[in-house]
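The block underneath contains the structure these notes are about, expressed in structure tokens.
A short reminder: the numbers here are calculations on the coordinates, not readings from a lab. Remember, predicted model here, so these are calculated numbers, not experimental data. Neighbour counts run over all protein chains shown; Cβ positions are idealised from the backbone, glycine included.
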Amino acid sequence: MSAPAMSNAAQTFEGASAHAVLRDSDSHVHAQDAAPARPWRATVRGLVREPLLHFLVLGSCIFAADAIMHPPAKEEKVITVTKALRQSFIDTFDEDKQRTPSEAELQKMVEAWVASEILYREGKALGVDRGDEMIRERVAFKLQYLIFDQVRVAQPSEEQLRAWFAENHARFDEPERVSFFMTPPVDEATARRQLDEIRDQRESEELSEQTRAILDRPVPSLSPGFGDGFADGLLKSPLNQWTVLQSKDGWHVVRLDARKPGAPAKFEDVRDDAAKMWHTEETRKQAWEAVSRLKTNYTIRYEP
């Protein structure tokens, strides 16, 4: 079908060209020497009947309609979920849940972030970000991700990693742990009365139910959680004896039940974890250096 159509089209355009030449020429030619000219209406009718022309016009209409209905995406309408962003979701989830997320859970986090990004961009286009501290922090946080994504950290040598581990071994050592019972916080007089009742086995059922067991609590976490005085008093208490101690929340009746000694970590046992932590710290260090370089472009003024 296509080959004859092309031939007819060529003949039509040639005929139209010959007709124009004959019409515009000032010289007289004999009828027997010149080909008969086709009227212009006949030429137009010939073009209208050409299948190739129909195809070209129809194709142009289709492309024009598609361009109107599906315009090319502008750069500001493109949202890219980077590997670094996905990894940040995994790291945050792991810190909270002590496990990596499933694909479905990760996808939900990504979709939530994409929705938030869309709302942010649309809101920014409307100017709702002006004077909003939360949006300011959001923009800074996004740039932070961008900087982290650009950082490339080389693998440390064995000597570098061992030296880093020696400086940070306390982060890998198994700490001493304690297990104890404690009653809810009250004033000192009430706590001492409860102590007498517990020693005489006269404590109320309510107090027994409210007394909680703290199992395998790392000793370094006692002071931040309960206060220095409570931590010191607990560690000085004899095993299996009730006593009264003051925490940051109030006074408690406490019984130390067990102490488990700590153990220093061996480099060979924690090498992989040490390498991950070193990589994270080195990435943060280089990212902060990048921010510091940006800072040199600004003048910082402090109002008195």
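Three semi-axes describe the equivalent ellipsoid of the range 66-183; taken as square roots of 5 times the Cα gyration tensor eigenvalues and ordered largest first, they are 40, 21, 17 Å.
The separation of the range 220-271 from the range 155-219, counted between C-alpha centres, amounts to 4 Å.
Charge tally around Arg217: other residues with Cβ under 12 Å, Lys/Arg +1 each, Asp/Glu -1 each, net +1. Each label point was placed 7 Å from the Cα along the Cα-to-Cβ direction; for Glu209 and Tyr145 their separation is 4.7 nm. Straight-line cross-link partners of Lys285 among the lysines, defined as a Cα under 17 Å from its Cα and at least 8 positions apart when in the same chain: Lys276, Lys295.
Calculated FRET efficiency, Ala154 and Trp242, Cβ-Cβ r, R0 41 Å, to nearest 0.05?
0.10
Give the shape of the range 242-298 as rounded, prolate or oblate, defined through the alpha-carbon gyration tensor: a ≥ b ≥ c are the square roots of its eigenvalues, a/c under 1.5 means rounded, and otherwise the shape is prolate if a/b is larger than b/c and oblate if not. Since a/c reaches 1.5 but b/c is at least a/b, the shape of the range 242-298 is classed as oblate.
Quick one: compute a quarter of the convex hull surface over the Cα atoms of the range 155-304 and quote it in nm².
Details: hull surface 61.5 nm².
Mean projected area for the range 155-304: 15.4 nm², to one decimal.
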